[in-house]
Amino acid sequence: MTAVSKSQNAPKSQADLLYDLQLRKERHFRANVGLSWGILLLILVFLFSGQEITIGSQTFSTIKIDGQFILNEIDFIAGGLGQTLLISILSIMLAIVLALLAALGRLSTVPPIYAISTFYVSLIRGTPLYLQIFFFFLALPQLGIILSGVFAGVLALGLNYGAYMSEIFRAGLASVGKGQREAAQALGMTPGQTMKRIVLPQALRFAIPPVGNEFIAMTKDSALVSATGFVHELMWRATKVGRAQFHNLEALIMAAIFYWLVTLVLSYIQNKIETRLSKGDR
Amino acid sequence: MESKTAFESIPIVKVSNLDKYFGRLHVLKNISIEVPERQVVCLIGRSGSGKSTLLRCINFLEEPSHGVIEVDGVRVAGGEKGREHRQLVHDVRLKTGMVFQEFNLFPHMTVLENVIEGPVIVKGMDRKRAVDLAEQNLDSVGLLFKKDEYPMRLSGGQKQRVAIARALTMEPRVMLFDEPTSALDPELIGEVLNVMKKVALEGMTMIVVTHEMGFAREVADRVIVMAEGELIEDNKPEEIFNNPKDPRTEALIVRYRTGGN
(Lines give C-alpha, C1' and ligand atoms only; values in the text may rest on other atoms or scores of the structure.)
Protein backbone atom coordinates (compact mmCIF):
# COMPACT_ATOMS: atom_id res chain seq x y z
CA MET A 1 0.00 0.00 0.00
CA THR A 2 1.04 3.62 -0.17
CA ALA A 3 3.91 4.81 1.93
CA VAL A 4 2.62 6.29 5.15
CA SER A 5 5.58 8.41 6.14
CA LYS A 6 4.80 11.53 4.17
CA SER A 7 5.80 13.81 7.05
CA GLN A 8 6.85 17.24 5.82
CA ASN A 9 10.51 17.86 5.17
CA ALA A 10 11.65 14.76 6.98
CA PRO A 11 14.35 13.03 4.95
CA LYS A 12 12.99 9.97 3.22
CA SER A 13 13.99 6.61 4.53
CA GLN A 14 15.91 4.11 2.48
CA ALA A 15 12.80 2.00 2.07
CA ASP A 16 10.77 4.94 0.80
CA LEU A 17 13.47 5.83 -1.69
CA LEU A 18 13.59 2.29 -2.98
CA TYR A 19 9.82 2.21 -3.19
CA ASP A 20 9.77 5.48 -5.16
CA LEU A 21 12.41 4.18 -7.50
CA GLN A 22 10.41 1.07 -8.12
CA LEU A 23 7.27 3.11 -8.79
CA ARG A 24 9.12 5.34 -11.21
CA LYS A 25 10.54 2.34 -13.06
CA GLU A 26 7.10 0.82 -13.31
CA ARG A 27 5.55 4.03 -14.62
CA HIS A 28 8.36 4.38 -17.11
CA PHE A 29 7.83 0.86 -18.35
CA ARG A 30 4.11 1.33 -18.72
CA ALA A 31 4.57 4.59 -20.62
CA ASN A 32 6.92 2.89 -23.05
CA VAL A 33 4.57 0.00 -23.56
CA GLY A 34 1.75 2.44 -24.29
CA LEU A 35 3.91 4.30 -26.77
CA SER A 36 4.86 1.07 -28.52
CA TRP A 37 1.22 0.09 -28.75
CA GLY A 38 0.52 3.41 -30.42
CA ILE A 39 3.29 2.88 -32.93
CA LEU A 40 2.13 -0.67 -33.73
CA LEU A 41 -1.36 0.63 -34.28
CA LEU A 42 -0.07 3.36 -36.59
CA ILE A 43 1.90 0.80 -38.60
CA LEU A 44 -1.21 -1.32 -38.91
CA VAL A 45 -3.26 1.65 -40.08
CA PHE A 46 -0.50 2.62 -42.49
CA LEU A 47 -0.45 -0.90 -43.96
CA PHE A 48 -4.08 -0.45 -44.92
CA SER A 49 -3.80 3.13 -46.06
CA GLY A 50 -3.26 2.51 -49.77
CA GLN A 51 -0.23 4.81 -49.92
CA GLU A 52 2.37 4.48 -52.62
CA ILE A 53 5.96 4.86 -51.64
CA THR A 54 8.79 5.20 -54.09
CA ILE A 55 12.25 4.31 -52.95
CA GLY A 56 14.71 4.80 -55.82
CA SER A 57 13.22 2.99 -58.79
CA GLN A 58 11.08 0.67 -56.69
CA THR A 59 7.50 1.57 -55.90
CA PHE A 60 5.73 -0.08 -53.03
CA SER A 61 2.06 0.28 -52.30
CA THR A 62 0.26 -0.60 -49.11
CA ILE A 63 -3.05 -2.38 -49.08
CA LYS A 64 -5.85 -0.28 -50.45
CA ILE A 65 -9.24 -0.59 -48.89
CA ASP A 66 -12.47 0.82 -50.18
CA GLY A 67 -13.51 3.61 -47.81
CA GLN A 68 -16.80 4.14 -49.57
CA PHE A 69 -17.81 0.53 -48.99
CA ILE A 70 -16.98 0.86 -45.33
CA LEU A 71 -19.05 4.01 -44.99
CA ASN A 72 -21.94 2.35 -46.79
CA GLU A 73 -21.96 -0.86 -44.81
CA ILE A 74 -20.73 0.10 -41.34
CA ASP A 75 -24.25 0.60 -40.05
CA PHE A 76 -25.36 -2.77 -41.36
CA ILE A 77 -22.46 -4.62 -39.77
CA ALA A 78 -22.66 -2.71 -36.50
CA GLY A 79 -26.29 -3.78 -36.36
CA GLY A 80 -25.02 -7.28 -35.54
CA LEU A 81 -23.43 -6.19 -32.26
CA GLY A 82 -26.72 -6.54 -30.41
CA GLN A 83 -27.20 -10.13 -31.58
CA THR A 84 -23.61 -11.01 -30.77
CA LEU A 85 -23.96 -9.69 -27.24
CA LEU A 86 -27.40 -11.23 -26.79
CA ILE A 87 -26.18 -14.67 -27.81
CA SER A 88 -23.11 -14.36 -25.59
CA ILE A 89 -25.07 -13.26 -22.55
CA LEU A 90 -27.74 -15.94 -22.90
CA SER A 91 -25.11 -18.59 -23.52
CA ILE A 92 -22.94 -17.64 -20.57
CA MET A 93 -25.98 -17.75 -18.28
CA LEU A 94 -26.83 -21.24 -19.48
CA ALA A 95 -23.17 -22.24 -19.23
CA ILE A 96 -22.88 -21.03 -15.62
CA VAL A 97 -25.88 -23.06 -14.55
CA LEU A 98 -24.63 -26.19 -16.33
CA ALA A 99 -21.07 -25.74 -15.11
CA LEU A 100 -22.23 -25.40 -11.53
CA LEU A 101 -24.43 -28.48 -11.78
CA ALA A 102 -21.62 -30.45 -13.41
CA ALA A 103 -19.18 -29.34 -10.72
CA LEU A 104 -21.58 -30.33 -7.94
CA GLY A 105 -22.14 -33.62 -9.74
CA ARG A 106 -18.42 -34.25 -9.62
CA LEU A 107 -18.58 -33.94 -5.84
CA SER A 108 -21.43 -36.40 -5.57
CA THR A 109 -20.89 -39.83 -4.07
CA VAL A 110 -23.94 -41.17 -5.91
CA PRO A 111 -22.51 -43.07 -8.90
CA PRO A 112 -25.18 -42.14 -11.50
CA ILE A 113 -24.95 -38.43 -10.66
CA TYR A 114 -21.16 -38.49 -10.81
CA ALA A 115 -21.40 -40.41 -14.08
CA ILE A 116 -23.85 -37.98 -15.68
CA SER A 117 -21.57 -35.09 -14.82
CA THR A 118 -18.37 -36.67 -16.14
CA PHE A 119 -20.15 -38.10 -19.19
CA TYR A 120 -21.47 -34.70 -20.17
CA VAL A 121 -18.10 -33.03 -19.76
CA SER A 122 -16.31 -35.76 -21.69
CA LEU A 123 -18.80 -35.85 -24.56
CA ILE A 124 -18.86 -32.09 -25.05
CA ARG A 125 -15.13 -31.63 -24.70
CA GLY A 126 -14.51 -34.48 -27.10
CA THR A 127 -16.40 -32.93 -30.02
CA PRO A 128 -15.91 -29.65 -31.90
CA LEU A 129 -18.01 -26.64 -31.00
CA TYR A 130 -18.65 -26.09 -34.69
CA LEU A 131 -20.11 -29.56 -34.96
CA GLN A 132 -22.28 -29.02 -31.91
CA ILE A 133 -23.76 -25.87 -33.39
CA PHE A 134 -24.61 -27.67 -36.62
CA PHE A 135 -25.96 -30.59 -34.68
CA PHE A 136 -28.54 -28.50 -32.91
CA PHE A 137 -29.44 -26.52 -36.00
CA LEU A 138 -29.21 -29.05 -38.81
CA ALA A 139 -29.32 -32.53 -37.28
CA LEU A 140 -32.17 -32.11 -34.84
CA PRO A 141 -34.74 -31.11 -37.51
CA GLN A 142 -34.33 -34.59 -38.93
CA LEU A 143 -35.79 -35.81 -35.65
CA GLY A 144 -38.58 -33.32 -35.92
CA ILE A 145 -37.02 -30.85 -33.49
CA ILE A 146 -36.64 -27.50 -35.15
CA LEU A 147 -34.78 -24.83 -33.24
CA SER A 148 -34.36 -21.23 -34.29
CA GLY A 149 -30.82 -20.19 -35.15
CA VAL A 150 -30.40 -18.15 -31.98
CA PHE A 151 -31.81 -20.90 -29.79
CA ALA A 152 -29.64 -23.58 -31.37
CA GLY A 153 -26.60 -21.32 -31.05
CA VAL A 154 -27.25 -20.51 -27.42
CA LEU A 155 -27.85 -24.16 -26.61
CA ALA A 156 -24.64 -25.26 -28.31
CA LEU A 157 -22.49 -22.48 -26.86
CA GLY A 158 -24.01 -22.88 -23.40
CA LEU A 159 -23.53 -26.64 -23.35
CA ASN A 160 -20.00 -26.33 -24.68
CA TYR A 161 -18.83 -23.62 -22.33
CA GLY A 162 -20.67 -25.24 -19.44
CA ALA A 163 -18.52 -28.34 -19.88
CA TYR A 164 -15.30 -26.35 -19.91
CA MET A 165 -16.35 -24.07 -17.09
CA SER A 166 -17.31 -26.94 -14.81
CA GLU A 167 -13.60 -27.19 -14.09
CA ILE A 168 -13.61 -23.59 -12.83
CA PHE A 169 -16.44 -24.21 -10.43
CA ARG A 170 -14.88 -27.45 -9.30
CA ALA A 171 -11.72 -25.57 -8.42
CA GLY A 172 -13.85 -22.95 -6.69
CA LEU A 173 -15.60 -25.54 -4.58
CA ALA A 174 -12.28 -27.20 -3.82
CA SER A 175 -10.85 -23.86 -2.69
CA VAL A 176 -13.25 -23.82 0.25
CA GLY A 177 -11.43 -25.64 3.02
CA LYS A 178 -12.72 -28.60 4.97
CA GLY A 179 -12.66 -26.48 8.10
CA GLN A 180 -15.40 -24.25 6.69
CA ARG A 181 -17.75 -27.19 6.26
CA GLU A 182 -16.88 -28.51 9.72
CA ALA A 183 -17.54 -25.14 11.32
CA ALA A 184 -20.93 -25.02 9.63
CA GLN A 185 -21.70 -28.59 10.68
CA ALA A 186 -20.68 -27.89 14.24
CA LEU A 187 -23.16 -24.99 14.29
CA GLY A 188 -25.81 -27.52 13.30
CA MET A 189 -26.22 -26.55 9.65
CA THR A 190 -27.64 -29.15 7.30
CA PRO A 191 -25.59 -30.09 4.22
CA GLY A 192 -27.93 -27.92 2.14
CA GLN A 193 -27.52 -24.91 4.39
CA THR A 194 -23.76 -25.43 4.48
CA MET A 195 -23.60 -25.49 0.68
CA LYS A 196 -25.85 -22.48 0.20
CA ARG A 197 -24.63 -20.24 3.01
CA ILE A 198 -20.97 -21.16 3.40
CA VAL A 199 -19.47 -23.06 0.47
CA LEU A 200 -21.16 -21.61 -2.62
CA PRO A 201 -20.68 -17.93 -1.78
CA GLN A 202 -16.96 -18.52 -1.35
CA ALA A 203 -16.67 -20.76 -4.40
CA LEU A 204 -18.52 -18.29 -6.63
CA ARG A 205 -16.32 -15.42 -5.53
CA PHE A 206 -13.33 -17.51 -6.51
CA ALA A 207 -14.93 -18.29 -9.88
CA ILE A 208 -15.88 -14.78 -10.98
CA PRO A 209 -12.59 -13.76 -12.66
CA PRO A 210 -12.17 -16.95 -14.73
CA VAL A 211 -15.86 -16.84 -15.72
CA GLY A 212 -15.19 -13.32 -16.99
CA ASN A 213 -12.43 -14.73 -19.19
CA GLU A 214 -14.79 -17.35 -20.55
CA PHE A 215 -17.38 -14.71 -21.32
CA ILE A 216 -14.87 -12.74 -23.34
CA ALA A 217 -13.87 -15.86 -25.22
CA MET A 218 -17.51 -16.62 -25.83
CA THR A 219 -18.28 -13.29 -27.49
CA LYS A 220 -15.77 -14.31 -30.13
CA ASP A 221 -16.89 -17.91 -30.45
CA SER A 222 -20.42 -16.64 -30.98
CA ALA A 223 -19.21 -15.87 -34.50
CA LEU A 224 -19.48 -19.58 -35.22
CA VAL A 225 -23.24 -19.33 -34.91
CA SER A 226 -23.22 -17.32 -38.15
CA ALA A 227 -22.63 -20.62 -39.90
CA THR A 228 -26.28 -21.50 -39.40
CA GLY A 229 -27.09 -18.62 -41.73
CA PHE A 230 -30.04 -17.51 -39.66
CA VAL A 231 -28.50 -15.45 -36.87
CA HIS A 232 -27.74 -11.95 -38.01
CA GLU A 233 -24.85 -11.21 -35.73
CA LEU A 234 -21.55 -9.47 -36.56
CA MET A 235 -19.88 -12.27 -38.43
CA TRP A 236 -22.94 -13.19 -40.47
CA ARG A 237 -23.41 -9.59 -41.57
CA ALA A 238 -19.74 -9.14 -42.43
CA THR A 239 -19.62 -12.24 -44.62
CA LYS A 240 -22.95 -11.42 -46.23
CA VAL A 241 -22.03 -7.98 -47.50
CA GLY A 242 -18.42 -8.97 -48.08
CA ARG A 243 -19.32 -11.81 -50.39
CA ALA A 244 -22.14 -10.00 -52.17
CA GLN A 245 -19.98 -7.10 -53.17
CA PHE A 246 -16.63 -8.86 -53.21
CA HIS A 247 -15.37 -6.66 -50.42
CA ASN A 248 -14.53 -9.39 -47.93
CA LEU A 249 -11.36 -7.56 -46.90
CA GLU A 250 -13.15 -4.45 -45.75
CA ALA A 251 -16.09 -6.33 -44.27
CA LEU A 252 -13.93 -8.67 -42.20
CA ILE A 253 -11.72 -5.83 -41.03
CA MET A 254 -14.77 -4.01 -39.79
CA ALA A 255 -16.06 -7.08 -37.99
CA ALA A 256 -12.61 -7.67 -36.50
CA ILE A 257 -12.51 -4.12 -35.17
CA PHE A 258 -15.92 -4.52 -33.59
CA TYR A 259 -14.95 -7.78 -31.91
CA TRP A 260 -11.71 -6.26 -30.73
CA LEU A 261 -13.45 -3.23 -29.26
CA VAL A 262 -16.01 -5.39 -27.50
CA THR A 263 -13.32 -7.58 -25.93
CA LEU A 264 -11.32 -4.51 -24.91
CA VAL A 265 -14.33 -3.07 -23.12
CA LEU A 266 -15.14 -6.41 -21.49
CA SER A 267 -11.52 -6.94 -20.40
CA TYR A 268 -11.54 -3.48 -18.87
CA ILE A 269 -14.71 -4.23 -16.93
CA GLN A 270 -13.34 -7.58 -15.84
CA ASN A 271 -10.13 -5.98 -14.64
CA LYS A 272 -12.11 -3.57 -12.50
CA ILE A 273 -14.15 -6.39 -10.99
CA GLU A 274 -11.03 -8.41 -10.30
CA THR A 275 -9.20 -5.64 -8.47
CA ARG A 276 -12.33 -5.00 -6.46
CA LEU A 277 -12.61 -8.64 -5.47
CA SER A 278 -8.96 -8.94 -4.56
CA LYS A 279 -9.31 -5.95 -2.23
CA GLY A 280 -12.18 -7.73 -0.51
CA ASP A 281 -12.27 -10.17 2.28
CA ARG A 282 -10.40 -13.24 1.50
CA MET B 1 -35.32 -39.68 35.50
CA GLU B 2 -33.54 -38.84 38.72
CA SER B 3 -33.97 -35.48 40.34
CA LYS B 4 -31.73 -32.76 38.96
CA THR B 5 -30.86 -31.20 42.28
CA ALA B 6 -27.86 -33.36 42.94
CA PHE B 7 -25.69 -31.15 40.73
CA GLU B 8 -22.16 -32.58 40.92
CA SER B 9 -23.34 -35.95 39.74
CA ILE B 10 -25.51 -35.20 36.70
CA PRO B 11 -23.36 -35.88 33.68
CA ILE B 12 -23.97 -33.44 30.86
CA VAL B 13 -21.70 -35.41 28.57
CA LYS B 14 -21.52 -39.15 28.78
CA VAL B 15 -19.34 -41.20 26.50
CA SER B 16 -19.85 -44.97 26.79
CA ASN B 17 -17.67 -47.67 25.29
CA LEU B 18 -16.57 -45.52 22.39
CA ASP B 19 -14.51 -47.10 19.64
CA LYS B 20 -13.24 -45.37 16.55
CA TYR B 21 -11.45 -46.93 13.62
CA PHE B 22 -9.86 -45.13 10.72
CA GLY B 23 -9.75 -47.98 8.24
CA ARG B 24 -7.88 -50.66 10.14
CA LEU B 25 -6.35 -48.18 12.57
CA HIS B 26 -7.95 -48.43 16.01
CA VAL B 27 -7.64 -44.84 17.24
CA LEU B 28 -10.06 -44.87 20.19
CA LYS B 29 -10.29 -47.98 22.32
CA ASN B 30 -13.38 -48.48 24.43
CA ILE B 31 -13.47 -45.00 25.95
CA SER B 32 -15.98 -44.09 28.66
CA ILE B 33 -16.16 -40.68 30.31
CA GLU B 34 -18.74 -38.73 32.24
CA VAL B 35 -18.49 -34.99 32.51
CA PRO B 36 -20.73 -33.34 35.10
CA GLU B 37 -22.26 -29.94 34.54
CA ARG B 38 -19.93 -26.95 35.02
CA GLN B 39 -16.83 -29.07 35.00
CA VAL B 40 -13.78 -27.97 32.99
CA VAL B 41 -11.93 -30.97 31.60
CA CYS B 42 -8.60 -30.76 29.85
CA LEU B 43 -7.63 -33.58 27.53
CA ILE B 44 -3.89 -33.89 27.15
CA GLY B 45 -1.63 -36.33 25.39
CA ARG B 46 0.93 -36.56 22.64
CA SER B 47 -0.16 -35.95 19.09
CA GLY B 48 -1.72 -39.08 17.69
CA SER B 49 -3.01 -40.14 21.10
CA GLY B 50 -6.61 -39.73 19.92
CA LYS B 51 -7.61 -36.73 22.03
CA SER B 52 -8.84 -34.61 19.12
CA THR B 53 -10.68 -37.56 17.62
CA LEU B 54 -12.40 -38.17 20.94
CA LEU B 55 -13.50 -34.53 21.08
CA ARG B 56 -14.73 -34.63 17.50
CA CYS B 57 -16.71 -37.79 18.20
CA ILE B 58 -18.69 -35.96 20.86
CA ASN B 59 -20.37 -33.71 18.27
CA PHE B 60 -20.11 -36.28 15.48
CA LEU B 61 -17.66 -34.42 13.29
CA GLU B 62 -16.23 -37.91 13.42
CA GLU B 63 -18.78 -40.67 13.44
CA PRO B 64 -17.93 -43.12 16.25
CA SER B 65 -17.56 -46.70 15.06
CA HIS B 66 -19.22 -48.11 18.19
CA GLY B 67 -20.42 -46.76 21.48
CA VAL B 68 -22.89 -44.21 22.72
CA ILE B 69 -22.61 -40.46 23.08
CA GLU B 70 -25.04 -38.70 25.36
CA VAL B 71 -25.18 -34.93 25.61
CA ASP B 72 -27.71 -33.31 27.94
CA GLY B 73 -30.09 -36.21 27.67
CA VAL B 74 -29.77 -36.82 23.93
CA ARG B 75 -28.49 -40.34 23.40
CA VAL B 76 -26.89 -41.19 20.07
CA ALA B 77 -25.44 -44.56 19.18
CA GLY B 78 -22.40 -44.38 16.92
CA GLY B 79 -22.01 -46.07 13.58
CA GLU B 80 -25.64 -45.75 12.54
CA LYS B 81 -27.23 -44.16 9.51
CA GLY B 82 -30.59 -42.82 8.47
CA ARG B 83 -32.90 -39.93 9.09
CA GLU B 84 -33.43 -40.58 12.77
CA HIS B 85 -29.71 -40.76 13.44
CA ARG B 86 -29.12 -37.52 11.56
CA GLN B 87 -31.81 -35.82 13.62
CA LEU B 88 -30.18 -36.97 16.86
CA VAL B 89 -26.77 -35.82 15.65
CA HIS B 90 -28.30 -32.46 14.83
CA ASP B 91 -29.76 -32.25 18.35
CA VAL B 92 -26.38 -33.04 19.87
CA ARG B 93 -24.70 -30.37 17.75
CA LEU B 94 -27.19 -27.79 18.98
CA LYS B 95 -26.13 -28.59 22.53
CA THR B 96 -22.41 -28.38 21.84
CA GLY B 97 -20.31 -25.41 20.79
CA MET B 98 -17.06 -26.10 18.99
CA VAL B 99 -13.90 -24.04 18.73
CA PHE B 100 -11.33 -25.17 16.19
CA GLN B 101 -7.57 -24.91 16.05
CA GLU B 102 -7.80 -23.04 12.74
CA PHE B 103 -10.67 -20.77 13.89
CA ASN B 104 -12.71 -21.52 10.73
CA LEU B 105 -14.48 -18.17 10.68
CA PHE B 106 -16.48 -17.60 7.52
CA PRO B 107 -14.32 -15.22 5.47
CA HIS B 108 -17.18 -13.83 3.41
CA MET B 109 -19.09 -12.62 6.46
CA THR B 110 -18.36 -9.84 8.91
CA VAL B 111 -17.64 -10.67 12.52
CA LEU B 112 -21.23 -9.98 13.52
CA GLU B 113 -22.62 -12.00 10.60
CA ASN B 114 -20.36 -14.89 11.59
CA VAL B 115 -21.73 -14.84 15.10
CA ILE B 116 -25.44 -14.56 14.24
CA GLU B 117 -25.29 -17.07 11.37
CA GLY B 118 -25.94 -20.12 13.55
CA PRO B 119 -28.75 -18.72 15.70
CA VAL B 120 -30.57 -17.18 12.71
CA ILE B 121 -30.12 -19.95 10.13
CA VAL B 122 -30.08 -23.03 12.31
CA LYS B 123 -32.24 -22.07 15.25
CA GLY B 124 -34.45 -19.68 13.34
CA MET B 125 -33.90 -17.03 15.98
CA ASP B 126 -35.29 -13.59 15.34
CA ARG B 127 -32.49 -11.54 13.78
CA LYS B 128 -32.76 -8.68 16.23
CA ARG B 129 -32.54 -11.00 19.19
CA ALA B 130 -29.58 -12.80 17.62
CA VAL B 131 -27.79 -9.49 17.11
CA ASP B 132 -28.38 -8.52 20.76
CA LEU B 133 -27.06 -11.85 21.94
CA ALA B 134 -24.12 -11.73 19.53
CA GLU B 135 -23.15 -8.23 20.61
CA GLN B 136 -23.32 -9.28 24.23
CA ASN B 137 -20.97 -12.20 23.55
CA LEU B 138 -18.64 -10.15 21.35
CA ASP B 139 -18.45 -7.63 24.14
CA SER B 140 -17.62 -10.36 26.60
CA VAL B 141 -14.67 -11.53 24.45
CA GLY B 142 -13.67 -7.86 24.07
CA LEU B 143 -14.29 -7.54 20.35
CA LEU B 144 -17.54 -5.66 20.00
CA PHE B 145 -15.62 -2.82 18.31
CA LYS B 146 -14.65 -5.23 15.50
CA LYS B 147 -18.16 -6.40 14.74
CA ASP B 148 -18.27 -4.92 11.23
CA GLU B 149 -14.79 -6.05 10.20
CA TYR B 150 -14.12 -9.05 8.02
CA PRO B 151 -12.11 -11.89 9.60
CA MET B 152 -9.19 -11.20 7.25
CA ARG B 153 -8.56 -7.98 9.16
CA LEU B 154 -8.26 -9.67 12.55
CA SER B 155 -5.24 -11.15 14.29
CA GLY B 156 -5.20 -14.87 15.04
CA GLY B 157 -6.07 -14.24 18.67
CA GLN B 158 -8.97 -11.99 17.72
CA LYS B 159 -10.23 -14.57 15.23
CA GLN B 160 -10.25 -17.23 17.90
CA ARG B 161 -12.08 -14.97 20.33
CA VAL B 162 -14.72 -14.33 17.65
CA ALA B 163 -14.95 -18.08 17.11
CA ILE B 164 -15.60 -18.51 20.83
CA ALA B 165 -18.29 -15.83 20.71
CA ARG B 166 -19.82 -17.55 17.69
CA ALA B 167 -20.03 -20.86 19.53
CA LEU B 168 -21.39 -19.22 22.71
CA THR B 169 -24.14 -17.42 20.80
CA MET B 170 -25.64 -20.80 19.97
CA GLU B 171 -26.20 -21.08 23.75
CA PRO B 172 -24.69 -24.57 24.01
CA ARG B 173 -24.72 -26.72 27.11
CA VAL B 174 -21.08 -27.69 26.65
CA MET B 175 -18.17 -26.11 24.83
CA LEU B 176 -15.59 -28.22 22.98
CA PHE B 177 -12.18 -26.69 22.28
CA ASP B 178 -9.87 -28.47 19.84
CA GLU B 179 -6.36 -27.12 20.48
CA PRO B 180 -7.65 -23.55 20.43
CA THR B 181 -4.24 -21.93 20.82
CA SER B 182 -2.04 -24.23 18.75
CA ALA B 183 -2.24 -22.12 15.59
CA LEU B 184 -1.46 -18.87 17.40
CA ASP B 185 1.70 -16.84 17.70
CA PRO B 186 2.98 -17.15 21.27
CA GLU B 187 2.17 -13.56 22.16
CA LEU B 188 -1.51 -14.07 21.18
CA ILE B 189 -2.13 -17.20 23.24
CA GLY B 190 -2.76 -15.33 26.48
CA GLU B 191 -5.76 -13.34 25.27
CA VAL B 192 -7.52 -16.51 24.10
CA LEU B 193 -6.78 -18.41 27.30
CA ASN B 194 -8.11 -15.47 29.31
CA VAL B 195 -11.38 -15.54 27.41
CA MET B 196 -11.62 -19.29 27.96
CA LYS B 197 -10.99 -18.80 31.64
CA LYS B 198 -13.78 -16.27 31.75
CA VAL B 199 -16.15 -18.67 30.02
CA ALA B 200 -15.18 -21.34 32.56
CA LEU B 201 -15.79 -19.00 35.48
CA GLU B 202 -19.24 -18.21 34.13
CA GLY B 203 -20.06 -21.85 34.71
CA MET B 204 -19.84 -23.33 31.23
CA THR B 205 -19.08 -27.02 30.96
CA MET B 206 -15.93 -27.29 28.88
CA ILE B 207 -13.86 -30.04 27.30
CA VAL B 208 -10.54 -28.68 26.12
CA VAL B 209 -7.94 -30.50 24.05
CA THR B 210 -4.79 -28.57 24.72
CA HIS B 211 -1.04 -28.49 25.03
CA GLU B 212 -1.25 -25.52 27.39
CA MET B 213 -0.24 -27.17 30.63
CA GLY B 214 -0.44 -23.86 32.49
CA PHE B 215 -4.09 -23.55 31.53
CA ALA B 216 -4.79 -27.16 32.45
CA ARG B 217 -3.21 -26.73 35.84
CA GLU B 218 -4.86 -23.42 36.63
CA VAL B 219 -8.34 -23.63 35.12
CA ALA B 220 -9.23 -27.30 34.76
CA ASP B 221 -11.17 -29.16 37.40
CA ARG B 222 -9.97 -32.39 35.93
CA VAL B 223 -7.27 -33.53 33.56
CA ILE B 224 -7.54 -36.62 31.39
CA VAL B 225 -4.38 -38.01 29.86
CA MET B 226 -4.57 -40.05 26.68
CA ALA B 227 -2.08 -42.31 24.96
CA GLU B 228 -2.54 -44.68 22.02
CA GLY B 229 -6.30 -44.27 22.00
CA GLU B 230 -6.82 -45.00 25.68
CA LEU B 231 -7.38 -42.99 28.82
CA ILE B 232 -4.30 -43.58 30.91
CA GLU B 233 -4.99 -41.16 33.71
CA ASP B 234 -7.97 -39.15 34.90
CA ASN B 235 -7.55 -36.98 37.97
CA LYS B 236 -7.48 -33.54 39.51
CA PRO B 237 -4.80 -31.33 37.95
CA GLU B 238 -2.77 -31.19 41.20
CA GLU B 239 -2.53 -34.95 41.19
CA ILE B 240 -1.66 -35.19 37.52
CA PHE B 241 1.03 -32.54 37.69
CA ASN B 242 2.51 -33.28 41.11
CA ASN B 243 2.00 -36.97 41.36
CA PRO B 244 1.65 -38.60 37.95
CA LYS B 245 0.92 -42.29 38.20
CA ASP B 246 1.77 -43.37 34.67
CA PRO B 247 5.30 -42.95 33.33
CA ARG B 248 3.81 -41.70 30.04
CA THR B 249 2.05 -38.91 31.92
CA GLU B 250 5.29 -38.03 33.59
CA ALA B 251 7.08 -37.94 30.27
CA LEU B 252 4.38 -35.70 28.87
CA ILE B 253 4.60 -33.22 31.72
CA VAL B 254 8.38 -33.16 31.69
CA ARG B 255 8.33 -32.56 27.97
CA TYR B 256 6.19 -29.49 28.43
CA ARG B 257 8.09 -28.30 31.45
CA THR B 258 11.31 -28.33 29.52
CA GLY B 259 9.37 -26.77 26.66
CA GLY B 260 9.33 -23.58 28.70
CA ASN B 261 6.08 -23.88 30.56
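The values are calculated or read from the model by the stated rules, or taken from the named source; none is laboratory data. Treat the numbers as computed from the prediction; the structure is a model and nothing was measured. Note that we place each Cβ from the backbone using ideal geometry, even for glycine, and neighbour counts take in every protein chain shown. Note: areas computed on protein heavy atoms with side chains; ligands, DNA, RNA excluded. Shrake-Rupley method; radii C 1.70, N 1.55, O 1.52, S 1.80 Å.
Below is a table of values for the structure above.
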read-out: Cα→Cβ-extended label distance, 7 Å offset, between A:I53 and A:L138, nm; value: 4.4
read-out: Reachable aspartates and glutamates, given that their alpha-carbon falls under 15 Å from the alpha-carbon of A:K220 and they are not under 8 places away in the same chain; value: A:E233
read-out: Accessible surface, per residue, of chain A when the full set of protein chains is kept, probe 1.4 Å, Å²; value: 61
read-out: Label point distance in nm, B:K198-A:S61, each placed 7 Å from Cα along Cα→Cβ; value: 8.7
read-out: Computed label-point distance, nm, for sites A:L40 and A:L261 using a 7 Å Cα→Cβ extension; value: 2.1
read-out: Computed E for B:E228/B:E187 - FRET, C-beta separation, R0 30 angstrom, nearest 0.05; value: 0.30
read-out: Percent antiparallel among DSSP beta bridges (both partners in chain B, rounded to 5); value: 55
read-out: Spatially proximal lysines relative to B:K146 (Cα-Cα < 18 Å; intrachain offsets below 8 disregarded); value: B:K159
read-out: Nearby aspartates and glutamates by direct alpha-carbon distance to B:K236 (threshold 17 angstrom, same-chain neighbours under 8 apart not counted); value: B:E8, B:E34, B:E37, B:E212, B:E218, B:D221, B:D246, B:E250
read-out: FRET efficiency, A:E26 to A:N213 (Cβ-Cβ, R0 35 Å, nearest 0.05); value: 0.90
read-out: Backbone HN-Hα couplings from phi across the stretch B:221-236 [Karplus 6.51/-1.76/1.60, Hz, Gly and Pro as x]; value: 8, 7, 10, 10, 9, 10, 8, 6, x, 10, 7, 9, 7, 8, 7, 5
read-out: Kyte-Doolittle mean at least 1.0 and Cα axial length at least 20 Å: DSSP H helices in chain A; value: A:81-107, A:149-174
read-out: Entries in A:K196/B:K123; A:K272/B:K147; B:K14/B:K95; B:K20/B:K51 that, when Cα-Cα distance is taken, lie over 18 Å; value: A:K272/B:K147
read-out: Relative contact order (%) - the stretch A:67-281, alpha-carbon pairs under 8 angstrom, separation at least six; value: 29
read-out: ³J(HN,Hα), Karplus 6.51/-1.76/1.60, whole Hz, each residue of the stretch B:156-173, x for Gly, Pro; value: x, x, 5, 4, 5, 5, 4, 4, 5, 4, 4, 5, 5, 5, 7, 6, x, 8
